[in-house]
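S.K.: The structure's right below; bear with me while I get my questions together.
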Amino acid sequence: MSNLKEKILITFPSFLICLIPLFLITGPFLSDSSVVIVSIFFLINIFLNKEYSYFNNKFFIIFFIFFIYLFINSLVEFYDYNNIRSSIGYIRFGIFSLGFIYFLEREERLLKWLFIIFLFCFLLLIVDGYFQYFIKENIIGNPVDIKSGRIRFFFNDEYVLGSYLSRLFPVFLALTFLLYKNKKNFIISISFLFVLIETLIFLSGERVAFFFNTLSAIFIIIMINKFKKIRLITLVFSFFTIVLISIFDDTAKKRIWDQTINQIGINTTKLNIFSEIHESHYSSAYKMFLENKIMGIGIRNFRNFCNEERYKTHEVSCTTHPHNTYVQLLSETGLIGFSFAIILFFYFTFKMLNHLKGALFKKEYLFSDFQICLLAAILITIWPFAPTGNFFNNWISIIYYFPVGLFLWSVKNKNLIIFKN
């Protein structure tokens, strides 16, 4: 392959992959466009070089079956062309995951580039986030409403800073542990950054993000081997800092602790599933499922039917989606679509128990520390017991599938990863 051709077909899409964490900060357009372009370049390379074996991948085969089902579902439960467009477009995430493997194998600088971009993004968000918290305006001078108890991206008005950090922090950890596994001093020096990230997740006011960060941190500490003490110490420092902030800052405390307790109804006679509003969403979704058990009401159709009297359970029960992945899949894709997610969750649990068993009794690790961190990011995606965003949302789907490509690459090239410690 000529130097120019290689730069166009390999280096360009590889660098585009690295820019996705930065593009996600700006919103869905640039990040989603990058996923599409990377997928197209991957397909061009595959057909030019006749490397069709990449499609002989268990993940992609299962993903493709799921994609075919979504397409059939959108035809059978047709409401408008947006449903069909969403189902057809969903294929890009599976192809992107394979493309991630392909370009990782051909561009040795990709992981280093990706680490640098992640480091830049997290530093940028840390500076802006704490600037908002202390100065009451973002780094570009726009005032922010800290009284709401929430911190947002400085590029847009979305309150997804905590979601971004909590879901991609395990990926950043994975890259750190892989690239610098033999440079413990560097990891110790950068660990202060871990504390700043976790504290900022709390300050963002996103309770689900705070829970997911805690979940992934505990999972990583239990499952990893080499960097267990460092991760445990940083988590303890993070919680110590958060407790201090909660003592001196009523806004942060009320948003994360008090409001959660009140919405669940712990101090009342009636307990709610996360909140009264969330419970009303789930009740409406359950009614839809009861009438459409096999195939559901159709992807992205919750928003179109939740105001109908037969499904309405509360004056605020109608929304764009039911705010839980499993409930959404059950109501919109029925038992068939739901089965893909629940089987994946149980398979994940089975593998993690095997890993833990090997670590405790044989001192052998089924997965490396790098892979465990990526699996922590995947755990957040498939965790059933928490409110979530729209499963079919482009922005969140990119974050869902980003660690998948890295993990599949590590499995395929396991000779590069140390399994026994």
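The values are calculated or read from the model by the stated rules, or taken from the named source; none is laboratory data. Just so it is clear, the structure is predicted and the values come from calculations on it, not from any experiment. Positions of Cβ are generated from backbone atoms using ideal geometry, with glycine treated the same way; all protein chains shown enter the neighbour counts. Accessible surface areas use protein heavy atoms only, side chains included; no ligands, DNA or RNA. Shrake-Rupley method; radii C 1.70, N 1.55, O 1.52, S 1.80 Å.
S.K.: Read through the list (1) of a type outside the set (Gly, Ala, Ser); (2) open to solvent by less than 60 Å² (accessible area, probe 1.4 Å); (3) not in a loop (DSSP other than H, G, I, E, B), then give the number of the only condition that residue 321 fails.
M.R.: Condition not satisfied by residue 321: (3).
S.K.: In the stretch 86-108, how many are within 21 Å of the chain's Cα centre (by Cα) and either outside any helix (DSSP H, G or I) or of a type in the set (Ser, Thr, Tyr) (or both)?
M.R.: Residues flagged as within 21 Å of the chain's Cα centre (by Cα) and either outside any helix (DSSP H, G or I) or of a type in the set (Ser, Thr, Tyr) (or both) within the stretch 86-108 amount to 4.
S.K.: Does residue 226 count as in contact (Cβ under 8 Å) with a residue 12 or more places away in the chain, under 25 Å from residue 371 (Cβ atoms) and charged (D, E, K, R)?
M.R.: yes
S.K.: Give the residues of the stretch 352-384 that are open to solvent by 60 Å² or more (accessible area, probe 1.4 Å) and in contact with a Phe, Trp or Tyr (Cβ under 9 Å, 6 or more places away or on another chain), sorted by residue number.
M.R.: Of all residues in the stretch 352-384, those open to solvent by 60 Å² or more (accessible area, probe 1.4 Å) come to 353-354, 357, 360-364, 366.
Result: 364, 366.
S.K.: While we're looking at this one, here's another question. Suppose we filter 138, 56, 49, 83 for residues that are more than 30 Å from residue 252 (Cβ to Cβ) and in contact with a helix residue (DSSP H, G or I) (Cβ under 9 Å, 6 or more places away or on another chain); which single one remains? Outline the logic, then answer.
M.R.: Working: 138 fails: more than 30 Å from residue 252 (Cβ to Cβ); 56 fails: in contact with a helix residue (DSSP H, G or I) (Cβ under 9 Å, 6 or more places away or on another chain); 49 fails: in contact with a helix residue (DSSP H, G or I) (Cβ under 9 Å, 6 or more places away or on another chain).
After applying the criteria, what remains is 83.
S.K.: Further, regarding this structure: State which residue is farthest from residue 192 (Cα to Cα) when the search covers only the stretch 222-252 and only residues that are out of contact with any Leu (no Cβ under 8 Å at 6 or more places or on another chain) and among the charged types (D, E, K, R).
M.R.: 250
S.K.: Let me ask something additional. So how many residues does the stretch 79-119 have that are open to solvent by less than 10 Å² (accessible area, probe 1.4 Å) and at pLDDT 95 or above?
M.R.: Number of matching residues: 15.
S.K.: Going through 272, 225, 262 one at a time, which residue ends up being modelled with pLDDT under 95, open to solvent by 70 Å² or more (accessible area, probe 1.4 Å) and either within 23 Å of residue 327 (Cβ to Cβ) or in contact with a Phe, Trp or Tyr (Cβ under 9 Å, 6 or more places away or on another chain) (or both)? Reasoning before the result, please.
M.R.: On the way: 272 fails: open to solvent by 70 Å² or more (accessible area, probe 1.4 Å); 225 fails: open to solvent by 70 Å² or more (accessible area, probe 1.4 Å).
None of the others qualify; the one that does is 262.
S.K.: So which of 293, 270, 312, 253 ends up being in a loop (DSSP other than H, G, I, E, B) and free of Cβ contacts under 8 Å to residues at least 24 places away in the same chain?
M.R.: Details: 293 fails: free of Cβ contacts under 8 Å to residues at least 24 places away in the same chain; 312 fails: free of Cβ contacts under 8 Å to residues at least 24 places away in the same chain; 253 fails: in a loop (DSSP other than H, G, I, E, B).
Answer to the check: 270.
S.K.: Considering only the stretch 283-307, state which residues are open to solvent by 10 Å² or more (accessible area, probe 1.4 Å), under 16 Å from residue 335 (Cα atoms) and out of contact with any Phe, Trp or Tyr (no Cβ under 7 Å at 6 or more places or on another chain).
M.R.: 286, 289, 290, 291, 292, 293, 294, 295
S.K.: Something else: Return the pair list, or none, for Cβ contacts closer than 7 Å from residues in the stretch 78-98 that are more than 23 Å from residue 40 (Cβ to Cβ) to residues that are part of a helix (DSSP H, G or I), at least 6 apart or on different chains.
M.R.: Pairs that qualify, where the first residue is more than 23 Å from residue 40 (Cβ to Cβ) and the partner is part of a helix (DSSP H, G or I), are 79/304; 83/74.
S.K.: Within the bounds of the stretch 61-71, is there any residue that is over 24 Å from the mean Cα position of the chain (by Cα) and open to solvent by less than 50 Å² (accessible area, probe 1.4 Å)?
M.R.: No, the stretch 61-71 contains no residue that is over 24 Å from the mean Cα position of the chain (by Cα) and open to solvent by less than 50 Å² (accessible area, probe 1.4 Å).
S.K.: Name the residues in the stretch 175-189 that are open to solvent by 70 Å² or more (accessible area, probe 1.4 Å) and within 26 Å of the chain's Cα centre (by Cα), would you?
M.R.: The answer is 188, and nothing else.
S.K.: Separate question: Specify the residue that is farthest from residue 389 (Cα to Cα); the eligible residues are those in the stretch 298-335 that are β-branched (Val, Ile, Thr) and modelled with pLDDT under 95.
M.R.: Of everything passing the filter in the stretch 298-335, 313 is farthest from residue 389 (Cα to Cα).
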